[in-house]
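Asker: Could you have a look at this structure, given as structure tokens, before my questions?
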Amino acid sequence: MQKKFFAFVLVVVSLALALSVSAQEPEPIKIGFISTLSGPGSALGVDALDGFNLAIQHLGGEMGGRPVEVIVRDDTQNPDVGLQAAVELLEAEKVDFMTGIIFSNIMLAVGTPVFESETFYISLNAGPSQYAGAGCNPFFFNVAWQNDNLHEAMGKYVNDQGFDNVFILAPDYPAGRDALTGFKRFYTGNLADEVYTAVNQLDFAVEIELIRAAAPDAVFTFQPGGSGINFIKQYSEAGLLAEIPLFLPGFSADQDVIRAVGAPMEGLFNSSHWALELDNEANVRFTSGFALEFERTPTIYAQQGYDAAMLIASAVEAVGGDLSDKDAVRAALEAADFESTRGDFAFNNNHYPIQDYYLRQVVRNESGDLYNQLIGVIFEDHQDAYHEQCTME
Amino acid sequence: MTPTLIVAQILNGVQLGLMLFLLAAGLTLIFGIMDMINLAHGSLYMIGAYLTATVTSATGSFFLGVGAAIIGTALIGMALEMSVLRQLYKRDHLSQVLATFGIILIVNEIVRMIWGAQPVLLNAPEVLSGPVEIVPGFRYPAFRLFLIGVGIAVALLLFFIVNRTRVGMWVRAGASNREMAQAMGVRIKLLFTLIFGLGAALCAVAGALLGPILSVQVGMGESILILAFVVIVIGGIGSIKGALIGALLVGIVDTAGRALLPLILRDLLGRDAATNIGGALASVLIYLLMALVLFWKPEGLFPARS
Amino acid sequence: MTRAQMLILGVITLGLILVPVLAANNFTIKLFSRLLIFALAASSLNLVLGYGGMVSFGHAAYFGVGGYVVGILTVSGIASPFITWTLAVLLCALLAALIGAISLRTRGVYFIMITLAFAQMLFFVFVSLRQYGGADGLPIRPPDPLRDGRTLYYIILVTLGICLFLLWRIKESRFGRAVQAIKENESRMMALGYPVFRYQLVCFIIGGALAGLAGVLNANLNAFISPNALAWSQSGQFMMMVILGGVGRFWGGALGAVVFILLETWLGSLTIHWQLGVGAALLIIVLFAPGGLVGLVSSANAWLIKRRAAA
């Protein structure tokens, strides 16, 4: 934390110095970064910010020959606060790009003013269906996934493995319902039950007992943030982890969850668009750089942050640092001509990714630490379910 | 529903209730005796969980972790009382609310600076980490049984302290009439510090025991603090008995709501409609319970002062 | 009001009128709009909490319901502000009448918690309203004249002005004095034959209606409404604003809201550890300024006058 703060100060000071020393220095590229940086959701936002800053550092602090200035704001996981920050960044700071939002409900609140001001938003996490179908937008790009994708991948895998009686549960809010819809899109077997829990639920004893009584082949759940950790801990203590396999989307079994839950995680399968050990240059640079800088294993949020910065950089390079022609910038973004940490990456017509989805399993590495091992590919060049309703070419 | 499922869900309700009781007991004591609304109670609970996690990771022993957390949190609580909170006893409730809200923000940030934004590791000790077979064919998580045991033990201990010891007599005297207690020569200042330490220690017990089944993270105190307030208000402020019964009521109503409501709704409305409204309706139940209790008993079930 | 106070009020009013003219960009206008809306919401709570002595921990319920009435009516095709605003305020008044009538059976902390209970129930109702966005919230397209930031700002400013005038008149009225006297000594007022329950209920209803109006303005400003607007954390924030500004001081709500939001916005732009600064500021103010910010200002003023008299 201290190290990061130091790095942040360093960036600010060096930027200030750079600005004051040489007046000929070109105008900086301004990137507005709104994310959840305080409170319980901040684990995700801070990781995304760390990944983003790491990329800026790897880029030498500049894009297309212009220095980069990242302006960071905390949305406190409240749409109203995020909205106020967005207006500030758009109107007062006149940022060139915006990114950073983790939660879809905040994205949906912030989207309107961003698009009205014709500023490019590069989403590093939130991938709401509203912006993927008929509501797709020429100024919105998602460099992570559409919200349903990781659930679809798990549905496909569970289906392919021949499970035929699955208990599914998720919190009762739009992203939770989307998760189960995504799962059911590719899982065609019988449902032992479909249960909606409260948002931010603490105790899952009731649901776990219902699972035990229903005796399904397998369980699939999406529980974001802290409640995901609660669920896995409690499922394990009920002794069910050994009896009824639990399948999770990548964000419910990522490094932050592994760190908090520990040994019970071992052996769990989950789906992701990225894995630690994907063998490409960009990924090696990212993972080793992240471990060195922040002394922890990166999560997908950090990876998404890193890729978001690299995508922006590629577009700025392509137009030679001249952002005045929005169509040219859009074309450059659409080309996605950057080295993604996940290897092949392309944008669909709705500006959501066409990419592979992987199966990962939590195992121990040589030094005994738990991490997500890459097991195989679930989907190749997968597209989301909404892109056909999008009228963009 | 099979009989084992019903028994298991009743146990779950009791267990959730005792979980809340651990947190509510300290809150109601401090509230009742010092007439102090302490929102930072949730922060002490978080500190307790983090200390347990840290010491457990360092030593490998959960029980050492719990012990260290109890001592550490009690000391932090007493230091907080002597430095800041003591000056708030004579102020109105609203000043206490604002000040202790400020403390929540400060403690959250300090914890985040020390331990980072990501949740930290805390698991049940090996011996309690799995389920146990109570009767053939009926298994229940060992750690939750342990939680039930500790909850009952803490309740008994508090009853004993409050009703049978000299300290308890002071406490009861202080709660019902502070001036009288002072006149009787009770050293209120010291007593209050000690009681605050006891409240903080109870927070640590709650944090240590809930940590292995809940996520140990920044802000973990706030969501559960609201529930603890619901419990003590239902029970009647200042009453340990009230806190216990309030906690059990909340635990059982919440559990019943989540276990039974979907089934009832399914019979009434059909499956799709039931899944549509089930989650939200279950969340409303405990607030409905509180409103109903306060409607009939405006001072809770067992008001300590009359 | 003294002449000096009149003068200060005049200067502030003039400054607020000039904001859109002097503002460098739309953000400044939006920020001031937000400050004024929260000043109204906090002032409405100050009426209930500060003057009426009823500590409502569910005040965000009216703020959110007001916003949702506008949102739901607008997406249903009824966008006319005259209809939506009137309905919103009336509905919030009705809601406050219901909640108040039940809650006023209780006192003290029990009152705090029962008002929270009702707000939480409403919160979950809106979370479950999936046709209106559920937990994601509902984007609203306000009618065209209100989409212009400057026009909306002046509407907000005028609304706030009228409401503050109203609140001032209430405070100075026989009714207002009776409500404050009830706060000081309820049984005495009851013995004197005042209809205590009815007076308190009316005070509670006025507070709820004005909070609903603030919610209406907020929904128009953000072009968005979500259940967050009626979450307990929002109710808590209103309470913090009032206590920070000065409970039962006329300008307490407004000053508290402005300082609270500016402090958060400013510290939030400096560091992600801004909560540390906000927390410390709140703590210091409670410990060293018992009357809140307004209390601080008036004692500083008194000190100045004394010094001048001595010199």
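Asker: When you look at C:Tyr153, is it over 30 Å from A:Pro171 (Cα atoms), among the aromatic types (Phe, Trp, Tyr) and surrounded by fewer than 18 Cβ atoms within 10 Å (Cβ to Cβ), yes or no?
Answerer: Here the answer is no, as C:Tyr153 does not meet what is asked.
Asker: Looking at C:Gly253, C:Gly207, C:Gly212, which one is in contact with a Cys (Cβ under 6 Å, 6 or more places away or on another chain), surrounded by 22 or more Cβ atoms within 10 Å (Cβ to Cβ), within 26 Å of C:Ala117 (Cβ to Cβ) and not charged (D, E, K, R)?
Answerer: C:Gly212
Asker: Picking from B:Leu260, B:Leu227, B:Leu210, B:Leu214, which residue would you name as being surrounded by fewer than 23 Cβ atoms within 10 Å (Cβ to Cβ), closer than 27 Å to B:Ile47 by Cα and within 10 Å of chain A (Cβ to nearest Cβ)?
Answerer: Selected residue: B:Leu227, the only one of B:Leu260, B:Leu227, B:Leu210, B:Leu214 that is surrounded by fewer than 23 Cβ atoms within 10 Å (Cβ to Cβ), closer than 27 Å to B:Ile47 by Cα and within 10 Å of chain A (Cβ to nearest Cβ).
Asker: Going by the structure shown, is C:Ala254 more than 21 Å from C:Leu95 (Cα to Cα) and either hydrophobic (A, V, I, L, M, F, W, C) or away from every other protein chain (no Cβ under 14 Å) (or both)?
Answerer: yes
Asker: Look at region C:268-296 and say how many of its residues are assigned to a helix (DSSP H, G or I), closer than 30 Å to A:Ala85 by Cα and either β-branched (Val, Ile, Thr) or within 11 Å of chain B (Cβ to nearest Cβ) (or both).
Answerer: Total meeting the criteria: 15.
Asker: Also, I was wondering about something else. Going by the conditions given, is B:Ala58 more than 14 Å from chain A (Cβ to nearest Cβ) and in contact with a Leu (Cβ under 8 Å, 6 or more places away or on another chain)?
Answerer: It is false that B:Ala58 is more than 14 Å from chain A (Cβ to nearest Cβ) and in contact with a Leu (Cβ under 8 Å, 6 or more places away or on another chain).
Asker: What pairs can you find where one residue is in region B:75-97 and more than 7 Å from chain C (Cβ to nearest Cβ) and within 16 Å of C:Ala280 (Cα to Cα), the other is of a type in the set (Phe, Trp, Tyr) and part of a loop (DSSP other than H, G, I, E, B), and their Cβ atoms are less than 9 Å apart, with a gap of 6+ or different chains?
Answerer: B:Gln96/B:Tyr89
Asker: While we're on this one: State whether one or more residues within region C:297-305 are of a type outside the set (A, V, I, L, M) and either surrounded by 21 or more Cβ atoms within 10 Å (Cβ to Cβ) or within 11 Å of chain B (Cβ to nearest Cβ) (or both).
Answerer: no
Asker: Related question: Is it the case, given these coordinates, that A:Asp75 is crowded, with 24+ Cβ neighbours inside 10 Å and either facing chain C (nearest Cβ under 10 Å) or among the small types (Gly, Ala, Ser) (or both)?
Answerer: So A:Asp75 passes the test.
Asker: While we're on this one: Condition (residue is β-branched (Val, Ile, Thr) and more than 13 Å from chain A (Cβ to nearest Cβ)) applied to region B:269-288: is it met by at least one residue?
Answerer: Checked against the condition, which is being β-branched (Val, Ile, Thr) and more than 13 Å from chain A (Cβ to nearest Cβ), region B:269-288 yields no hits at all.
Asker: Checking the conditions here, which among B:Leu147, B:Leu121, B:Leu128, B:Leu158 is within 18 Å of B:Leu248 (Cβ to Cβ) and either within 12 Å of chain A (Cβ to nearest Cβ) or without any contact (Cβ under 8 Å) to a residue 12 or more places away in the chain (or both)?
Answerer: Only one candidate passes the filter, namely B:Leu147.
Asker: Is it the case that region A:234-242 has a residue that's surrounded by fewer than 24 Cβ atoms within 10 Å (Cβ to Cβ), touching a Phe, Trp or Tyr at 6+ places or on another chain (Cβ under 7 Å) and under 15 Å from B:Leu214 (Cβ atoms)?
Answerer: Within region A:234-242, one or more residues are surrounded by fewer than 24 Cβ atoms within 10 Å (Cβ to Cβ), touching a Phe, Trp or Tyr at 6+ places or on another chain (Cβ under 7 Å) and under 15 Å from B:Leu214 (Cβ atoms).
Asker: Filter region C:106-124 down to residues that are in a helix (DSSP H, G or I) and either within 7 Å of another protein chain (Cβ to nearest Cβ) or farther than 16 Å from C:Ala229 by Cα (or both), then give me how many there are.
Answerer: 12
Asker: Out of the residues in region A:241-285 that are of a type in the set (S, T, N, Q) and within 14 Å of chain B (Cβ to nearest Cβ), state the one that is nearest to A:Phe52 (Cα to Cα).
Answerer: The qualifying residue nearest to A:Phe52 (Cα to Cα) is A:Gln255.
Asker: Residues of region B:241-257 being more than 13 Å from chain A (Cβ to nearest Cβ) and not aliphatic (A, V, I, L, M), which ones?
Answerer: B:Lys241, B:Gly242, B:Gly246
Asker: So B:Arg271 passes all but one of these: (1) more than 14 Å from C:Phe124 (Cβ to Cβ); (2) buried (at least 18 other Cβ atoms within 10 Å of the Cβ); (3) among the charged types (D, E, K, R); (4) at pLDDT below 90. Which condition number does it fail?
Answerer: Single failed check for B:Arg271: (2).
Asker: With the checklist (1) crowded, with 23+ Cβ neighbours inside 10 Å; (2) modelled with pLDDT under 95; (3) of a type outside the set (Ser, Thr, Tyr) in hand, flag the one item A:Ala92 doesn't pass.
Answerer: (1)
Asker: Could you figure out which of (1) more than 9 Å from every other protein chain (Cβ to nearest Cβ); (2) surrounded by fewer than 20 Cβ atoms within 10 Å (Cβ to Cβ) isn't true of C:Ala88?
Answerer: So C:Ala88 meets the others, but not (2).
Asker: Can you spot a residue in region C:198-217 that is on the phi < 0 side of the Ramachandran plot, within 14 Å of chain A (Cβ to nearest Cβ), out of contact with any Asp or Glu (no Cβ under 7 Å at 6 or more places or on another chain) and not small (Gly, Ala, Ser)?
Answerer: Scanning region C:198-217 turns up at least one residue that is on the phi < 0 side of the Ramachandran plot, within 14 Å of chain A (Cβ to nearest Cβ), out of contact with any Asp or Glu (no Cβ under 7 Å at 6 or more places or on another chain) and not small (Gly, Ala, Ser).
Asker: Can you tell me which condition B:Gly60 does not meet? The list is (1) within 19 Å of the chain's Cα centre (by Cα); (2) on the phi > 0 side of the Ramachandran plot, and all the others hold.
Answerer: (1)
Asker: Looking at the structure I just gave you, is C:Phe250 among the hydrophobic types (A, V, I, L, M, F, W, C), closer than 18 Å to C:Leu35 by Cβ and outside any helix (DSSP H, G or I)?
Answerer: It is true that C:Phe250 is among the hydrophobic types (A, V, I, L, M, F, W, C), closer than 18 Å to C:Leu35 by Cβ and outside any helix (DSSP H, G or I).
Asker: In region A:351-374, how many are in a loop (DSSP other than H, G, I, E, B) and at pLDDT 95 or above?
Answerer: 2
Asker: Just need a number here: residues in region B:133-151 that are at pLDDT 90 or above and either touching a helix residue (DSSP H, G or I) at 6+ places or on another chain (Cβ under 7 Å) or closer than 30 Å to C:Ala281 by Cβ (or both).
Answerer: 10
Asker: Any idea how many residues of region C:160-199 are surrounded by 11 or more Cβ atoms within 10 Å (Cβ to Cβ) and part of a loop (DSSP other than H, G, I, E, B)?
Answerer: Here the count works out to 5.
Asker: Between a first residue in region A:211-238 that is in the same structural domain as A:Pro40 (by TED's automatic domain parsing) and a second residue that is assigned to a helix (DSSP H, G or I), which pairs have beta carbons less than 9 Å apart while being 6 or more apart in sequence or on different chains?
Answerer: none
Asker: Going by the conditions given, is A:Gln146 at the interface with another protein chain (Cβ under 8 Å from one of its Cβ atoms), closer than 26 Å to A:Gly41 by Cα and of a type in the set (S, T, N, Q)?
Answerer: No: the conditions fail for A:Gln146.
Asker: Is it the case that C:Val21 is in a helix (DSSP H, G or I) and under 19 Å from C:Leu255 (Cα atoms)?
Answerer: Considered against the rule, which asks whether it is in a helix (DSSP H, G or I) and under 19 Å from C:Leu255 (Cα atoms), C:Val21 comes out as no.
The values are calculated or read from the model by the stated rules, or taken from the named source; none is laboratory data. Treat the numbers as computed from the prediction; the structure is a model and nothing was measured. Glycine also receives a Cβ, built like all others from the backbone with ideal geometry; neighbour counts cover every protein chain displayed.
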